[in-house]
Amino acid sequence: MAQQVQGVVAPGRNEPVRVETIVIPDPGPGEAVVKIQACGVCHTDLHYKQGGINDEFPFLLGHEAAGVVESVGEGVTDVAPGDFVILNWRAVCGQCRACLRGRPWYCFDTHNAKQRMTLLDGTELSPALGIGAFAEKTLVAAGQCTKVDPAVAPEVAGLLGCGVMAGIGAALNTGNVGRGDTVAVIGCGGVGDAAIVGARLAGASRIIAVDIDERKLAKAREMGATHTVDSRAGDPVEAIRELTGGFGADVVIEAVGRPETYRQAFYARDLAGTVVLVGVPTPEMTLELPLLDVFGRGGALKSSWYGDCLPSRDFPMLIDLHQQGRIDLGAFVTETIGLGEVEKAFARMHEGDVLRSVVVL
């Protein structure tokens, strides 16, 4: 029988979000209903509210979540009621050419629940990233549920569902940061700080954090940055070169998603170095670089989508590292809030006051 729960809905472009009654259908084949325990307020949710992703309003926001599987549909075998799970937005298909080549993190046919959640009047909702977890319960594809140790706090575990995984994966999976490498991270919000954590975990010898906000630079130092650069005070490219013997960093991770900062990343890397774009650009942005510079500098220009992660592999591993005390996922949580405080959390995010607000249910 369908259930009625409370959830946070973005009704239209730039309109304030509001808590509405949501109808959750019983799970169909390959689907699961998850009781949400915690969900981080991610910048992508703000993009949805602003119409920066698409215009398929109304949206059921929230996607960076953890909770307990309540029920599953026909054919579901990987998770069962009672399992503690982190939700992911890349449920791999197992059948596309990337999956069949043994590269499922590049899956070309990821999927979501086929049924739609609705408002009471029957209006279909578009769940953010196929999840919609600013809600007491949500309906997802069972493949979006990754089992992890239930001993970890939900408000910590859920962060791996998006931003923290994106940043750590940008360093470990996409950038292939190795022992002794020099790394620069441009943009020190949640994703950038997670990239710093990933670079430290990989054994980087020098980690340079770049931002225009001294508060964020201070937090970056807490997360493991060995040096910081306030890019308001001078050219960050030159500053990064000075800190790397005049050469530039082996890996530069761009966590802003703007042409200006991407150009800085491109020229701040060493010859044959790697640039990783993990910041999300908007559709109208374009980039112009001299083709001779692209050719002459060599190396690799990569984009990192979800940190090139494989949730079934990476989520349990990172939870284990957290429990061993080797990474502190709790350091990303600035505050815990209720469902009715999401609009205020967006304002705090815009002002740079928080690393992560987390809705706890």
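The values are calculated or read from the model by the stated rules, or taken from the named source; none is laboratory data. Quick caveat: nothing in here was measured; it's all calculated off a predicted structure. Cβ coordinates were reconstructed from backbone atoms using ideal geometry, including for glycine residues, and neighbour counts include every protein chain displayed. For the accessible areas, the whole protein counts, side chains as well, though only heavy atoms, and no ligand, DNA or RNA atoms are used. Shrake-Rupley method; radii C 1.70, N 1.55, O 1.52, S 1.80 Å.
Accessible area per residue for segment 1-152 in Å², computed with a 1.4 Å probe and the full protein assembly in place, what is it?
Accessible area per residue, segment 1-152: 43 Å².
Quick one: if the Förster radius is 41 Å, what FRET efficiency do Met1 and Gln323 give, using the C-beta to C-beta distance and rounding to 0.05?
Given R0 = 41 Å and the Cβ-Cβ separation, E is 0.60.
Between Leu287 and Ala153, what FRET efficiency follows from the Cβ-Cβ distance if R0 is 30 Å, with the result rounded to 0.05?
0.15
Less than 14 Å Cβ to Cβ from Val360, Lys/Arg counted +1 and Asp/Glu -1: what total charge do the surrounding residues give?
Within the 14 Å Cβ shell, the charges total -3.
Suppose the chain between Phe108 and Ile212 were pulled fully straight at 0.36 nm per residue; how much longer would it get relative to their current alpha carbon spacing?
Net length gain for the segment: 33.8 nm.
Exactly which GluC sites (Glu not before Pro) in segment 35-144 are in a DSSP loop and have at most 16 other Cβ atoms within 10 Å?
Of the GluC sites (Glu not before Pro), the ones in loops of segment 35-144 whose Cβ has at most 16 other Cβ atoms within 10 Å are Glu56, Glu74.
Can you tell me the accessible area per residue over segment 245-355, all protein chains present, probe 1.4 angstrom, in square angstrom?
With the other protein chains kept in place, segment 245-355 gives 50 Å² per residue.
Show log10 I(q)/I(0) for the chain at q = 0.13, 0.14 Å⁻¹, two decimals, from a solvent-free Debye sum over equal Cα scatterers.
Ignoring solvent entirely, the Cα scatterers give -0.99, -1.13.
For the chain, what is the calculated [θ] at 222 nm in deg cm²/dmol (nearest 500), taking -39500 (n - 2.57) for each run of four or more DSSP H residues and dividing by its residue count?
Counting only the DSSP helices, I get -7000 deg cm²/dmol.
Length gain on complete extension for the stretch Glu15 to Leu301, per 0.36 nm per residue less the alpha carbon to alpha carbon distance?
Length gained, Glu15 through Leu301: 99.2 nm.
Roughly speaking, to the nearest percent, how much of the chain's 1.4 Å accessible area is carbon and sulfur?
Answer for the chain is 50 percent, counting heavy atoms of protein chains only.
Can you tell me the length gained on complete extension of the stretch Asp230 to Thr123, counting 0.36 nm per residue apart and subtracting the Cα distance?
Length difference between fully extended and current span is 33.8 nm.
Based on C-alpha coordinates, I'd like the Rg and Dmax of segment 135-287, in Å.
When restricted to Cα atoms, segment 135-287 yields Rg and Dmax of 16.3, 53 Å.
For segment 10-126, just list the percent of Cα-Cα distances falling in each 10 Å bin from zero outward, please.
Per 10 Å bin, starting at zero, the Cα-Cα P(r) for segment 10-126 comes out as 13, 35, 38, 13, 1 percent.
Which chymotrypsin sites (Phe, Trp or Tyr not before Pro) does segment 221-275 hold that lie in a coil by DSSP with at most 14 other beta carbons within 10 Å?
Those that pass, being in a loop and sparsely packed, are Phe247.
For segment 296-361, what does the alpha-carbon gyration tensor say about shape, rounded, prolate or oblate, given a ≥ b ≥ c as the root eigenvalues, a/c under 1.5 as rounded, and a/b over b/c as prolate?
In terms of gyration-tensor shape, oblate.
Helix 259-268 versus the longest principal axis of the chain: what angle, 0 to 90°, nearest 10, using Cα atoms?
Compared with the principal axis, the helix lies near 50 degrees.
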